[in-house]
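K.L.:
Sharing a structure here in structure tokens format.
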Amino acid sequence: MKKIVLLVIGLLFLPVITLAYQVNIDAPETLTVGKPLVVTGVTTFPPGMSVDVVLYYQLTTTTEIKRQVVSIKPDKTFKVVFDTTGLTTGTYKVEVPVNGMGDSVTMRLVRIVDRSDEIRMDSDTTREFNGTLVIAGTIEGDENSGVQVEIVGPDGSVVFGPQFVNTDSEGSFSTNVPIRVPGKYEVSFTDAKGFIGTRVLIAEGPQTPVPTLSEAAVSRNVVSAHAASSRNSPAFFSVKTIPGPVMLYTSSSVDWVIEYSDDNGILHRENNQDARNPEKAAFTGTGSTVFVTIYPGDPSVQGEVYLYAENAESVSVSPTVPAPFATESSRASGGLPALSLSPLAGFAALAAALVLRR
């Protein structure tokens with residue numbers, strides 16, 4: 001009995017074992033005011049435990065702006081979203097204020113910028129409701145390019161877009177959007193450099209819905225995707241078409257070259273514009289998937305390219321080289337830049353060639 005008592009007493013004096021919990025958060029380095037600030041995290045804290053995520057404004061002193069309490073998910077991750085509408089431009093800090101986290105990353109700096117001055121609206125802010133919302137204006141720095149427009153209606157639903165609208169040589173754009181009810185419409189603008197800002201347009205009138213226009217009368221759907229591209233490392237895309245005329249556009253500022261493969265596996269190449277204008281390619285869609293590659297005409301240039309597809313169901317970045325662009329020989333025949341293949345891919349191509357010769 002004495003031995004058991006001594007054992008219990010000895011256990012009481014053992015050093016207390018502390019668990020080394022970790023928290024790592026991530027947030028964008030730069031964000032345009034008005035866009036949601038998404039903070040994600042991963043931790044070794046047990047699921048169900050709550051942590052605080054705090055947004056501070058960094059000036060000469062640190063001022064708390066907003067705080068959210070979030071519970072750890074079963075996969076030990078968490079996410080919070082801060083509304084940045086109305087915030088002053090400058091440097092902010094998001095932080096999970098916990099101590100003793102070892103090599104954790106519990107703080108990130110975020111620079112919030114305001115690009116709203118780059119938009120000049122020419123359409124009336126308030127006008128009488130007539131079933132059409134006129135969107136017209138000018139985007140500074142987006143000459144001969146385009147801007148992506150999205151409109152949210154009075155009930156919070158998306159009534160237009162996101163859709164690509166072309167700009168002319170002065171950066172001006174214009175489009176008419178059919179609407180069914182009067183009220184406030186929030187118009188968001190995004191270009192190749194990111195989110196620009198929003199404008200609120202008001203259609204005043206009686207609360208009487210008007211008939212919707214037929215699908216044929218509404219502008220064709222435009223979808224987009226973007227990726228880094230250089231001459232040695234082109235961007236590859238998959239475009240799921242809709243039967244009918246299809247138009248592909250690139251962003252401007254670089255003299256891009258478009259190649260795409262049709263349903264018969266024939267490669268087509270378009271390079272008719274310069275860096276001031278988006279490159280374009282038009283063909284008839286059949287509902288199949290068309291593979292596209294884009295690279296700069298100048299081998300010394302590289303950058304981020306946006307691909308816009310009109311009358312397409314979806315556009316996505318291809319993580320691998322699509323089959324129509326996988327061989328150097330097919331590209332060399334058209335005087336196109338050869339792709340860099342891995343040693344394994346090169347060996348496979350050589351083996352295939354030897355088999356064909358036999």
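Read the figures in this text as sums done on the coordinates, not as results from a lab. From a predicted model like this one, the values you see are computed outputs, not experimental measurements. Glycine also receives a Cβ, built like all others from the backbone with ideal geometry; neighbour counts cover every protein chain displayed.
K.L.:
Taking the beta-carbon count within 10 Å as an exposure proxy, list Glu310, Glu170, Glu29 from fewest neighbours to most.
P.N.:
With the fewest neighbours first, Glu310, Glu170, Glu29 line up as Glu29, Glu170, Glu310.
K.L.:
Another question, then. If amide H atoms are built 1.01 Å from N in the plane of the peptide, which residues on other chains or at least 5 residues away come under 5 Å of the amide H of Val159?
P.N.:
So Val159 has HN proximity to Ile151, Val152, Gly153.
K.L.:
List the residues whose amide H sits under 5 Å from the amide H of Gly205, counting only those 5 or more places along or on another chain, with H placed 1.01 Å from N in the peptide plane.
P.N.:
Under 5 Å from the amide H of Gly205 lie the amide H atoms of Phe129, each far enough along the sequence or on another chain.
K.L.:
Normalised by the residues of the range 23-113, what does the relative contact order come to in percent, with Cα pairs under 8 Å and at least six apart?
P.N.:
Numbers: 215 pairs, mean separation 35.0, N = 91.
Relative contact order of the range 23-113: 38 percent.
K.L.:
Output ³J(HN,Hα) for the range 249-266: one whole-Hz value per residue in order, computed from phi by the Karplus curve 6.51 cos²θ - 1.76 cosθ + 1.60 with θ = phi - 60°, and x for Gly and Pro.
P.N.:
Whole-Hz 3J(HN,Hα) from phi for the range 249-266: 10, 10, 6, 9, 6, 9, 6, 7, 10, 10, 10, 9, 10, 7, 5, 8, x, 8.
K.L.:
Sort Thr85, Thr61 so the one with the fewest other Cβ atoms within 10 Å of its own Cβ comes first.
P.N.:
Listing Thr85, Thr61 from fewest to most nearby Cβ atoms yields Thr61, Thr85.
K.L.:
I'd like the distance between the alpha-carbon centres of the range 85-136 and the range 38-70, rounded to an integer number of Å.
P.N.:
18
K.L.:
Please state the shape class of the range 125-164: rounded when a/c is under 1.5, otherwise prolate if a/b exceeds b/c and oblate if not, all from the C-alpha gyration tensor.
P.N.:
Oblate.
K.L.:
Please arrange Ser318, Ser261, Ser169 by how many other C-beta atoms lie within 10 Å of their C-beta, fewest to most.
P.N.:
Ordered from fewest to most neighbouring Cβ atoms within 10 Å, Ser318, Ser261, Ser169 come out as Ser169, Ser318, Ser261.
K.L.:
Reported to two decimal places, what Rg/Rh ratio describes the range 65-206 when computed on Cα atoms with Rh from the Kirkwood expression?
P.N.:
In the range 65-206, Rg relative to Rh is 1.10.
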